[in-house]
Amino acid sequence: MNFVVKFIFCRERRSIRRVTAWALLMAISTGGVVSCVSSRGFEGENIKDRTVRQTEVVGDWKGEGGARLVLNAKGHRFIGEGLDMEAQEGKGVSISDAGLVSGKGEWGFGLYESGYQVTLYFDHGGALTLDIQEGESGIQLSGWMKDMDQFILHREKSS
């Protein structure tokens with residue numbers, strides 16, 4: 001009987017070790033996935049914990065490759081050029097051969113479950129949603145590219 005008890009105890013201990021090793025392996029591999037995903041350019045976090053005023057997003061924004069977005073306070077109008085982002089298709093969305101989105105229309109602002117957002121409603125159809133994030137240099141606007149990476153727009157610095 002002593003042998004049976006020792007065998008079961010050792011067997012359970014091996015199972016515990018296997019489970020612990022498996023859990024550790026999963027934690028490391030999951031951490032690697034999280035680490036890999038966050039290194040793809042996720043620069044900021046969506047703002048949820050403080051109030052963002054609409055006036056904070058009005059103005060000129062600049063992104064990679066000469067992308068530009070102007071959000072005007074008057075009439076809530078916008079003009080966007082060369083935005084490397086996924087847009088809901090519509091007649092108002094102009095997409096270049098390189099896949100860059102341009103157009104003009106009205107913009108909306110609001111707080112949603114995921115945080116504050118600006119939505120661009122293109123004249124004659126189409127839309128694009130941008131998250132308002134807190135980045136290293138202040139507020140930034142972020143949209144999703146076709147390859148599921150982020151496209152970041154920073155406040156254009158006045159000269």
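The values are calculated or read from the model by the stated rules, or taken from the named source; none is laboratory data. In this text, all values refer to a predicted model and were calculated from it rather than measured experimentally. No Cβ is skipped: glycine too gets one built from the backbone with ideal geometry, and neighbour counts run over all protein chains shown. Side chains included, ligands, DNA and RNA excluded: accessible areas come from the protein's heavy atoms. Shrake-Rupley method; radii C 1.70, N 1.55, O 1.52, S 1.80 Å.
The figures follow:
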{"quantity": "The stretch 45-57 - phi-based ³J(HN,Hα) in whole Hz, Karplus 6.51/-1.76/1.60, Gly and Pro as x", "calculated": "10, 4, 7, 10, 9, 9, 7, 10, 8, 3, 5, 6, 9"}
{"quantity": "Sites R53 and S137, calculated FRET efficiency, Cβ-Cβ separation with R0 22 Å, nearest 0.05", "calculated": "0.75"}
{"quantity": "Loop-resident sites, the stretch 72-159, for GluC sites (Glu not before Pro), counting at most 10 other Cβ within 10 Å (DSSP)", "calculated": "E113, E136"}
{"quantity": "Under 18 Å from K62, Cα to Cα: aspartates and glutamates that are on another chain or at least 8 residues apart", "calculated": "E43, E81, D84, E86, D131, E134, E136, D149, E156"}
{"quantity": "Computed over the stretch 109-159: relative contact order in percent, which uses C-alpha pairs under 8 Å that are six or more apart", "calculated": "20"}
{"quantity": "Cleavage-rule hits, trypsin sites (Lys or Arg not before Pro), the stretch 99-159, DSSP coil, Cβ neighbours within 10 Å at most 11", "calculated": "K146, K157"}
{"quantity": "Sites E45 and H124, calculated FRET efficiency, Cβ-Cβ separation with R0 22 Å, nearest 0.05", "calculated": "0.05"}
{"quantity": "Local net charge near L69, Cβ-Cβ under 10 Å (Lys/Arg +1, Asp/Glu -1)", "calculated": "-1"}
{"quantity": "Surface accessible to a 1.4 Å probe, per residue, for the residues of the stretch 105-159, Å²", "calculated": "51"}
{"quantity": "Estimated FRET transfer efficiency (S94, M145; beta-carbon r; R0 22 Å; 0.05)", "calculated": "0.80"}
